[in-house]
Amino acid sequence: MTRSAEIIDKTNSLGASNYLPLPVVLARGEGVWVWDVEGNKYMDMLSAYSAMSHGHRHPKIIAALKEQADRLTLTSRAFHCDLLGEFYERVVKLTGLPRVLPMNTGAEAVETALKAARKWGEKVKGVPAEQGRIICCQNNFHGRTITIITFSTEQAYRDGFGPFTPGFDIVEYGNAGALSDAITDNTVAFLVEPIQGEAGILMPPAGYLKEAHEICKERNVLLLADEIQTGLGRTGRMFCCEHDDVLPEVIIMGKAMGGGVLPVSAVAATEEVMGVFQPGHHGSTFGGNPLAAAVGIAALDVLVDEELVDRAAARGDYLMDKLTSIASPHIAEIRGKGLLVGIDLKPEAGGARRFCEALQAEGILAKETHDSVIRLAPPLTITEDELDWAMERVAKVLN
Ligand SMILES: *Cc1c(COP(=O)(O)O)cnc(C)c1O
């Protein structure tokens, strides 16, 4: 038995079976590359679902982590820590929103935004107590808590986990008219992904977010943009909403905010929305901890200093050119923005999983999403040479 097989065996026999990983056991990473326990080298084309935008073990982020680990790691929010304000300062500057609330995982940040929206509905908009409703989209992905899966339309995410949380309505994604029709006097917010990543890199029509935001503003409804996957440069803009020239009332961030080393998430919002939170209303033991603040600061500084947002835009165009020139009988559509790209395969191709396994054999790690889509989302630090290397192999596997 190989070392990998032994490790996989142990992991599978002791752990819950809630994932189906590719059969590769990783032991080391650097930049866009990872190595398995046998020493085989792979290019990481998944980037931990966009959490690894800076590449593996970015030296400035690891240095910040180590330095902070030698100084102070956790205080809880019962006390101040010396770095949190500096972290906020960067988030405010990058989002254009004046207030920040730090959490850890994406799902926690989404829950935070939902709580803020409900409370804003009651205390500011004047919706009767416990009557506030939030509109979400078909095929959404916002995380895995019970409240969040309440408004999932994916059977596998919901089955057996009820009873669910009341107060959510579902509309078709990309259809501003449907949003308008669904709004009532009790609607407090519209929660949306600028591109639906987990649904298979689904892109709304151009101008959708702009139109949705206009409708929301007209009806006094908050726009909550879930930029956990699309934000922080992934699509070639700092936030994907910027493609539509939209500044939402609430932006939800996570994943790449942790620089690929720690869970760091945050909600940024207007004064009016964030103002609903007073001491005791909401919290998190680890949210905004010193280690997370140090890593978050480094992660955001690297994005800016190394111009990763512009690089994502340029490399994204380059990747799209290369991909669209692949003549494969299996490809139905290629779509994406920046370095968030999906290769949608025809039904007769037999699913994306077998192509991901073939890519693994060629030295590329990618993951299927929703059966028929191969997701390509490399670290934003990837070079043109590295993309060339990858595209040769992608072309081979698709042919
Ligand atoms: C990953 C993701 C989440 C959930 O983040 P976790 O850190 O896994 O809780 C929420 N929304 C979107 C759009 C995501 O991609």
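Points worth noting:
- Residue that is farthest from residue 379 (Cα to Cα) [pool: residues in region 215-232 that are within 13 Å of the ligand (Cβ to nearest atom) and part of a strand (DSSP E or B)]: 224
- Residue that is buried (at least 24 other Cβ atoms within 10 Å of the Cβ), under 19 Å from residue 137 (Cα atoms), over 20 Å from the mean Cα position of the chain (by Cα) and more than 14 Å from the ligand (Cβ to nearest atom), where the choices are 212, 182: 212
- Residue in region 1-49 that is farthest from the ligand (Cβ to nearest atom), counting only those that are modelled with pLDDT of 95 or more and among the polar types (S, T, N, Q): 40
- Residues of region 233-283 that are over 21 Å from residue 141 (Cβ atoms) and within 13 Å of the ligand (Cβ to nearest atom): 262 alone.
- When residue 221 is tested against (1) hydrophobic (A, V, I, L, M, F, W, C); (2) out of contact with any helix residue (DSSP H, G or I) (no Cβ under 7 Å at 6 or more places or on another chain); (3) surrounded by fewer than 22 Cβ atoms within 10 Å (Cβ to Cβ), just one condition goes unmet, and that condition is (3).
- Filtered by the rule that a residue be within 16 Å of the ligand (Cβ to nearest atom) and of a type in the set (Asp, Glu), region 137-163 gives a lone residue, 154.
- Close pairs (6 angstrom Cβ cut-off, 6 or more residues apart or separate chains): at pLDDT below 95 in region 332-351, not in a helix (DSSP H, G or I) and not hydroxyl-bearing (Ser, Thr, Tyr) anywhere: 349/330; 351/371
- Given (1) part of a loop (DSSP other than H, G, I, E, B); (2) modelled with pLDDT of 95 or more, index of the condition residue 327 fails: (2)
The values are calculated or read from the model by the stated rules, or taken from the named source; none is laboratory data. The model shown is predicted, which means the values in this text are computed figures rather than measured ones. Here the Cβ is made from the backbone with ideal geometry for all residues, glycine too, and neighbour counts use every protein chain on show.
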